[in-house]
Amino acid sequence: AVALGVAIGIALGAYRIVTGTPLHYYIITGYVVVLIQTLYCPKAIIALAYDSGGVTTSTVTVPLVAALGLGLSSTIPGRNPMLDGFGLIAFASLFPIMSVMGYAQLSEWLARRARATRAKEEQCISN
């Protein structure tokens with residue numbers, strides 16, 4: 001889930017660099033989604049999800065993602081390599097939080113659905 005979140009974040013960040021849309025639209029929207037997910041996510045996974053965002057800013061990820069952002073933004077006219085290059089790192093640490101909480105929410109929903117199905121089957125058998 002963390003790797004998928006990083007991949008989605010970097011892909012969306014690269015798309016943002018190419019299209020030139022403002023960074024703050026994406027970041028504000030992302031953190032609003034994270035806050036909403038935090039309200040509905042299983043409480044046991046929240047700390048792990050937030051920590052997974054910090055894990056992605058490691059000694060290997062930051063130089064690679066920054067190099068990708070700086071290189072991409074410096075080749076596109078009108079882009080600011082400092083803003084766009086480091087904005088990509090923000091995406092790489094935001095989206096793993098969302099993906100881990102989303103995975104936990106999906107797992108909880110599937111488990112609840114399976115329990116409801118079993119309860120219906122047991123009720124049918126007892127009748």
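The values are calculated or read from the model by the stated rules, or taken from the named source; none is laboratory data. None of these values were measured; they are calculated from a predicted model. Virtual Cβ from ideal backbone geometry, glycine too; neighbours counted across all protein chains shown. For the accessible areas, the whole protein counts, side chains as well, though only heavy atoms, and no ligand, DNA or RNA atoms are used. Shrake-Rupley method; radii C 1.70, N 1.55, O 1.52, S 1.80 Å.
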What is the distance, in nm, between label points placed 7 Å from the Cα along the Cα-to-Cβ direction at LEU4 and at TYR31? 2.6
For segment 1-77 and segment 79-127, compute the distance between their C-alpha centroids and round to whole Å. 16
Please give, to one decimal in nm, the separation of the simple spin-label points placed at TYR15 and ALA116, each 7 Å out from Cα toward the Cβ. 3.1
For segment 1-91, dividing by residue count, accessible area per residue (probe 1.4 Å) in Å² works out to 57
To the nearest 10 degrees, how steeply does helix 81-126 sit against the main Cα axis of the chain, on a 0 to 90 scale? 10
Okay, helix-only estimate at 222 nm for the chain: each DSSP H run of n ≥ 4 adds -39500 (n - 2.57), divide by all residues, round to 500 deg cm²/dmol; what do you get? -30000 deg cm²/dmol
Excluding GLN105 itself, what net charge comes from residues whose Cβ is under 14 Å from its Cβ, given Lys and Arg +1 and Asp and Glu -1? +2
Under 15 Å from the Cβ of ALA90, count the other residues' Cβ atoms, weight Lys and Arg +1, Asp and Glu -1, and hand me the total. 0
Relative contact order computed over the chain (Cα-Cα under 8 Å; 6+ residues apart), in percent: 42
Give the calculated FRET efficiency between GLU108 and THR61 to the nearest 0.05, with a Förster radius of 30 Å applied to their Cβ-Cβ distance. 0.60
Environment charge of ILE10, counting only residues whose C-beta is closer than 14 Å and scoring Lys/Arg +1, Asp/Glu -1: 0
Cα-based shape type of segment 10-98, given that a ≥ b ≥ c are square roots of the gyration tensor eigenvalues and the cut on a/c is 1.5: oblate
Tally up the carbon and sulfur contribution to the accessible surface of segment 1-60 as a whole percent, 1.4 Å probe, everything protein left in place. 78
